[in-house]
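Right, one structure below, let's go through it.
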Amino acid sequence: MKVRRSNRVIEMTRYLLERPHTLVPLTFFSEAFDSAKSSISEDLTIIRNTFAKQGTGILETVPGAAGGVRYIPTVDQSTAEQFLNEMSTRISAPERVLPGGYVYLSDLLGEPEVLRQVGRLVASQYAKKQVDVVMTIATKGIPIAQSVAYYLNKPFVIVRRDSKITEGSTVSVNYVSGSSKRVEKMELSKRSLQKGAHVLIVDDFMKGGGTISGMVSMVKEFEAELAGIAVFGESKFEGERAVPAYTSLIRIDSLDAINNQIKAVPGSYMTQTDFNVLDAAHS
């Protein structure tokens, strides 16, 4: 049964948005809507141009008999700036300061819209890079990893500080906490990572970087490759963090736990994301 173009474009858009980084053959749409491939190609041009204009992402065409179209979620520069500025303002509220110099973020990282944007921002930075799996550590990094994994259409794995019987046999590494300087342990199921997999590490917050460093060691233990590191927030740290290059969305510039004063600013995301490459891919 033939479908009107307006309805067809809406349904194709919905289908693509729900399946990021998935190659969809033109034949699939042609058969689904009983339409010629030429008509489907025209529909896809409309969708591609709209995505580019609205900053929704890239609609990539893969030529050849085994080709098709692939939706790659991205975030444009203005949208990223607006979101990071909004997060900086919200995190700078005095009531977020906790005893011991900690920052309360659980409410923000429980908001679906915030998680959606965080996932899109991180996935956008890695839109043109190879990522096979997203890694985080329990527990607060899990919703971030899930959002990033969704927009990259890749699995995510959870490193734990104590093993679960449901994980089967595990690999464990020791690491030094960057803030407390204590030696701690983390574990990951042996079935979680394949040798040579490209791993993107994400976490909610970084102080001294010890936990991130531990996950980097875990990646090496599995003989996998580190694709990158991204954290939602980071604090100032005296000395040098023992972690490779990383991206932060938010940075705590100053924190006075006694007087409940905090100042948050956008992190390194804007300077470490090549928006020119993403813009070129739209054209």
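Give, to the nearest whole percent, the P(r) tail of the range 96-251 beyond 20 angstrom, counting all Cα pairs. Display every interim value, and only then the final one.
Values: 5686 of 12090 pairs.
More than 20 Å apart: 47 percent of the Cα pairs in the range 96-251.
Stretched out fully, how many nm does the piece from VAL62 to GLU225 gain, at 0.36 nm a residue minus the Cα gap? All intermediate terms of the calculation are to be shown ahead of the outcome.
Working: separation 163, 0.36 × 163 = 58.68 nm, distance 2.67 nm.
56.0 nm is the gain from fully extending VAL62 to GLU225.
What ranking of SER268, SER248 emerges when the number of other C-beta atoms within 10 Å of each C-beta is taken as an exposure proxy, fewest first? Write down the numbers at each step before the final one.
Values: SER268 16, SER248 20.
The order, fewest Cβ neighbours first, is SER268, SER248.
How long are the semi-axes of the ellipsoid equivalent to the range 144-224, from square roots of 5 times the Cα gyration tensor eigenvalues, in whole Å, largest first? Don't jump to the answer; show the numbers that get you there.
On the way: eigenvalues 80, 55, 28 Å².
Equivalent ellipsoid of the range 144-224: 20, 17, 12 Å, largest first.
So which trypsin sites (Lys or Arg not before Pro) in the range 108-194 are both in a DSSP loop and have at most 10 other Cβ atoms within 10 Å of their Cβ? Intermediate results must be reported in sequence, preceding the final value.
Numbers: sites: ARG116, ARG120, LYS128, LYS129, LYS140, ARG160, ARG161, LYS164, LYS181, ARG182, LYS185, LYS190, ARG191; in loops: LYS128, LYS129, LYS140, ARG161, LYS164, LYS181, ARG182, LYS190, ARG191.
Passing both the DSSP loop test and the Cβ count: LYS181, ARG182.
Taking GluC sites (Glu not before Pro) that fall in a DSSP loop and have at most 13 other Cβ atoms within 10 Å as cut points, what is the longest piece of the chain between them?
19-222
Taking the DSSP beta bridges in the range 87-215 as the whole, what percent of them are antiparallel, to the nearest 5? All intermediate terms of the calculation are to be shown ahead of the outcome.
On the way: 10 of 17 bridges.
So the antiparallel bridges in the range 87-215 amount to around 60 percent.
Could you work out how far helix 77-91 tilts from the main Cα principal axis of the chain, as a 0 to 90 degree angle to the nearest 10?
Compared with the principal axis, the helix lies near 30 degrees.
Along each of its three principal axes, how wide is the spread of alpha-carbon positions in the range 1-139, in whole angstrom units, largest first?
Projected onto its principal axes, the Cα set of the range 1-139 covers 64, 30, 26 Å.
Quick one: of the DSSP bridges fully inside the range 168-268, what percent are antiparallel, nearest 5?
Numbers: 13 of 26 bridges.
For the range 168-268, the DSSP antiparallel bridge percentage is about 50.
For the chain, find the longest principal axis of its Cα atoms and tell me its angle to the long axis of helix 112-125, 0 to 90°, nearest 10.
It is inclined by approximately 80 degrees.
Work out Dmax and Rg for the range 186-283 from the C-alpha atoms and quote the Rg first, both in angstrom.
Rg and Dmax of the range 186-283, Cα atoms, are 16.3, 52 Å.
Nearest 500 deg cm²/dmol is fine: what mean residue ellipticity at 222 nm does the chain get from its DSSP H runs of n ≥ 4 alone, each adding -39,500 (n - 2.57), divided by its residue count?
Theoretical 222 nm ellipticity from helices: -11000 deg cm²/dmol.
Would you mind checking which residues have amide H under 5 Å from SER92's amide H? H placed 1.01 Å from N; only 5 or more apart, or other chain.
ALA264
What ranking do THR79, THR89 get, fewest neighbouring Cβ atoms within 10 angstrom at the top? Working shown, then result.
Working: THR79 17, THR89 11.
Fewest-to-most ranking of THR79, THR89: THR89, THR79.
For the chain, find the longest principal axis of its Cα atoms and tell me its angle to the long axis of helix 210-221, 0 to 90°, nearest 10.
60
For the chain, what number results from the quotient of the Cα radius of gyration and 2.2 N^0.38 Å? Write out the running numbers ahead of the final one.
On the way: Rg = 21.1 Å, N = 283, 2.2 N^0.38 = 18.8 Å.
Working it through for the chain, the quotient is 1.12.
Mind checking which lysines have their Cα closer than 21 Å to the Cα of LYS236? Skip sequence neighbours fewer than 8 apart in that chain.
LYS140, LYS181, LYS207, LYS263
Efficiency by 1/(1 + (r/R0)^6): what FRET value for GLU238 and GLU95, r their Cβ-Cβ distance, R0 = 25 Å, to the nearest 0.05? Write down the numbers at each step before the final one.
Values: r = 26 Å, r/R0 = 1.04.
Once the sixth-power term is evaluated, E becomes 0.45.
Which of SER124, SER106, SER217 ends up with the largest GNM mean-square fluctuation for the chain, with Cα atoms connected below 10 Å?
SER106
For the range 208-238 and the range 153-197, compute the distance between their C-alpha centroids and round to whole Å.
So the two Cα centres are separated by 12 Å.
Taking 2.2 N^0.38 Å as the expected size of a compact globular protein, what ratio does the Cα radius of gyration of the range 85-126 give against it, to two decimals?
Working: Rg = 12.1 Å, N = 42, 2.2 N^0.38 = 9.1 Å.
With N residues counted in the range 85-126, Rg over 2.2 N^0.38 Å equals 1.32.
Principal axis lengths of the range 5-73 from Cα atoms, whole Å, largest first?
29, 26, 18
Counting only DSSP beta bridges with both residues in the chain, what percent are antiparallel, rounded to the nearest 5?
Bridges in the chain are about 55 percent antiparallel.
Read-outs throughout are calculated quantities, based only on the coordinates presented, and are distinct from any laboratory measurement. Here the structure is a predicted model, which is why all the values come from computation and not from measurement. In this analysis, Cβ positions are derived from the backbone assuming ideal geometry, glycine residues included, and neighbour counts consider all displayed protein chains.
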